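Undergrad: Structure incoming, see below.
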Amino acid sequence: MLGIMGKVIYYVASSMDGYIATEDDNLDWLLSFGFEAFQAHYDQFMASVGSLVMGSATYEWVRVNEPGAWAYGTLPCQVLTSRSLQAPEGTGVRFSSGDIRSICAAAVSDAGDADVWVVGGGNVAAQFADAGLLDEIRVTYMPVALGRGRPLLPVTAPTAPMRLTGTTSFDGGAAELRYSLE
């Protein structure tokens, strides 16, 4: 855990039944809600972020669905992969593999006093959780059920009880729950 420095936060949207994407990594169900109701909240969160960590599937989804753009500017971003991928020019993207503790330490160092955003997917966040490296989980539950898909947090063993530290409701029925793992 980080103490006085920034936090390591898994910030994600989920269906009510605990999926962050369909089985084929489709997010149309989420994008159908639009982002107007969430933009100010997201902007406030992003103002606290100093670095990012994401899996290669999330990275590739962003690259395919937002071609020619990189929404995270020059923020340091570690993409967990064992494959050779291309980074967008002029960004802070670098590719990492190996021990999740070392990857987390590098992300924390990159962030300085700011927060680290574990963008996803669920498997990446679960690695952080399993290693005791997450300080907080912020889940925005969307008012839809998928039935199956990519799990929110597929940990390898039960976690300790989390403490609810805040809630935010949004127009349209979505609600963010913030949990501390500290």
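The values are calculated or read from the model by the stated rules, or taken from the named source; none is laboratory data. What you see is a predicted model; the values in this text were computed from it and never measured. Backbone-built Cβ (ideal geometry, glycine too); neighbour counts: all protein chains shown. For the accessible areas, the whole protein counts, side chains as well, though only heavy atoms, and no ligand, DNA or RNA atoms are used. Shrake-Rupley method; radii C 1.70, N 1.55, O 1.52, S 1.80 Å.
Undergrad: I'd like to verify a number: residues in segment 32-56 that are part of a helix (DSSP H, G or I) and surrounded by fewer than 17 Cβ atoms within 10 Å (Cβ to Cβ), how many?
TA: Going through segment 32-56 one residue at a time, the tally reaches 9.
Undergrad: Among the numbered criteria (1) aliphatic (A, V, I, L, M); (2) closer than 24 Å to residue 126 by Cβ; (3) part of a helix (DSSP H, G or I), which one does residue 5 miss?
TA: The one condition residue 5 does not meet is (3).
Undergrad: Follow-up question, since we're still on this one. Name the single residue, out of those in segment 120-130 being open to solvent by less than 20 Å² (accessible area, probe 1.4 Å) and under 17 Å from residue 51 (Cβ atoms), that is farthest from the chain's Cα centre (by Cα).
TA: If we take residues in segment 120-130 being open to solvent by less than 20 Å² (accessible area, probe 1.4 Å) and under 17 Å from residue 51 (Cβ atoms), then 128 is farthest from the chain's Cα centre (by Cα).
Undergrad: Quick check on this structure: which one of 76, 67 is of a type outside the set (Lys, Arg) and loosely packed, with under 13 Cβ neighbours inside 10 Å?
TA: Going through 76, 67 in turn, just one is of a type outside the set (Lys, Arg) and loosely packed, with under 13 Cβ neighbours inside 10 Å: 67.
Undergrad: Within segment 91-111, track down each residue that is open to solvent by 30 Å² or more (accessible area, probe 1.4 Å) and either of a type outside the set (Asp, Glu) or touching a Phe, Trp or Tyr at 6+ places or on another chain (Cβ under 9 Å) (or both).
TA: 91, 94, 95, 97, 98, 101, 102, 105, 106, 109
Undergrad: Next question. In segment 125-147, is there at least one residue being out of contact with any strand residue (DSSP E or B) (no Cβ under 8 Å at 6 or more places or on another chain) and hydroxyl-bearing (Ser, Thr, Tyr)?
TA: No, segment 125-147 contains no residue that is out of contact with any strand residue (DSSP E or B) (no Cβ under 8 Å at 6 or more places or on another chain) and hydroxyl-bearing (Ser, Thr, Tyr).
Undergrad: List the number of the failed condition for residue 179; all other conditions in (1) aromatic (Phe, Trp, Tyr); (2) under 28 Å from residue 33 (Cα atoms); (3) crowded, with 21+ Cβ neighbours inside 10 Å hold.
TA: (3)
Undergrad: Looking only at segment 8-31, filter to residues that are aromatic (Phe, Trp, Tyr) and in a strand (DSSP E or B); which one of those is most open to solvent (accessible area, probe 1.4 Å)?
TA: Once the filter is applied, the top-ranked residue is 19.
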